[in-house]
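Nothing in this text is a laboratory measurement; each read-out follows from the coordinates by a stated rule. Not measured: the values here are computed from a predicted model. Positions of Cβ are generated from backbone atoms using ideal geometry, with glycine treated the same way; all protein chains shown enter the neighbour counts.
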Amino acid sequence: MTAGFTGNTAVKDIVVTHPETRVVLERLGIDYCCGGKTPLTQAAQHAGVSVDQVLAELDRALEAGRSSDSAEDWTAASATELADHIERTHHVFMKEQLPRLVGLLDKTLRAHGPRHGDMLKQLQHSLTALRTDIELHLAKEEQILFPFIRQIEAWQQGGGPVPEMHCGTVANPIGQMEFEHDQAGEILARIRAITSDFRLPEDACETFRALYDGLREMESDLHEHIHLENNILFPKAIEVEAQTPR
Ligand SMILES: [Fe+2]
Ligand SMILES: [Fe+2]
């Protein structure tokens, strides 16, 4: 028993109610974003760790979390505040990091092609696919979904004309965004598999190291980003829309 958590608790409920547990789940390889609805026992099994170990580590994180304020709780924020935060931090991060990582990978491939060319080319294929998908995905959120979320919330708070969504209900673009999150999650898992969990070869140079460090950091950031959208922002937007008259 950890803060009322059991093996049956959905992973997203753990990280939504106690954001300080996110780093533990990330470190243990437990999917809390795309697969957030999965019960902890099943998610732990999938990650190859025992549920008892996970519960014990969550306990320690909760203890430490009480004395530090490292993880922000977004459940009380408005949908607009959260959408603004996601754009300012996670979207900016991806737009900066993806081109930087592609550049580091090109450089690594030039230096290590003879010995690690096959692996690095597979990595290049996946990273390029991720960049293309994510850049388009961020644009859709920034140009269509997030403005609509801000509009319906502004309507709810101040009245005025009821916002029109040309693609029907907000659940439609949200469903599409969640589908794209699953695809991005799959590419991240592939990148992890290709790099053997970011294990550097013995002859790796500093560029190789910077590439793997950057990929690991991007994976963690994208997991947090998807978690904030799937588990907090999107349910909030659906709830706000349900209160607008039709
Ligand atoms: Fe996003
Ligand atoms: Fe997204």
- Item | Candidates HIS125, HIS91, HIS137, ranked by Gaussian network fluctuation over the chain, Cα under 10 Å, top entry | HIS125
- Item | Environment charge of GLU57, counting only residues whose C-beta is closer than 13 Å and scoring Lys/Arg +1, Asp/Glu -1 | -2
- Mean projected area (nm²) from the convex hull of Cα positions in the range 124-195 is 5.5
- For the chain, with a Gaussian network of springs between Cα atoms less than 10 Å apart, report the residue from GLU164, GLU72, GLU186 with the top mean-square fluctuation. GLU72
- Message: Given the DSSP H assignment, sum -39500 (n - 2.57) over each helix run of at least 4 residues in the chain and divide by its residue total; what's the result at 222 nm in deg cm²/dmol, nearest 500?
- Response: -22000 deg cm²/dmol
- Item | Rel. contact order, % - alpha carbon contacts under 8 angstrom, at least six apart, the chain | 27
- Item | Solvent-free Debye scattering, log10 I(q)/I(0), computed from the Cα coordinates of the range 179-246 at q = 0.17, 0.18, 0.19 Å⁻¹ | -0.70, -0.75, -0.80
- Message: Which lysines, if any, have their Cα less than 17 Å from the Cα of LYS140, not counting same-chain residues under 8 positions apart?
- Response: LYS95
- Item | Cα Rg, Dmax, the range 11-67, angstrom units | 10.3, 31
- For the chain, the spread of Cα positions along each principal axis, largest first, Å: 64, 44, 30
- Note on the structure: Checking GLY158, GLY214, GLY29 against a Gaussian network model of the chain (alpha-carbon springs below 10 Å), the top fluctuating residue turns out to be GLY158
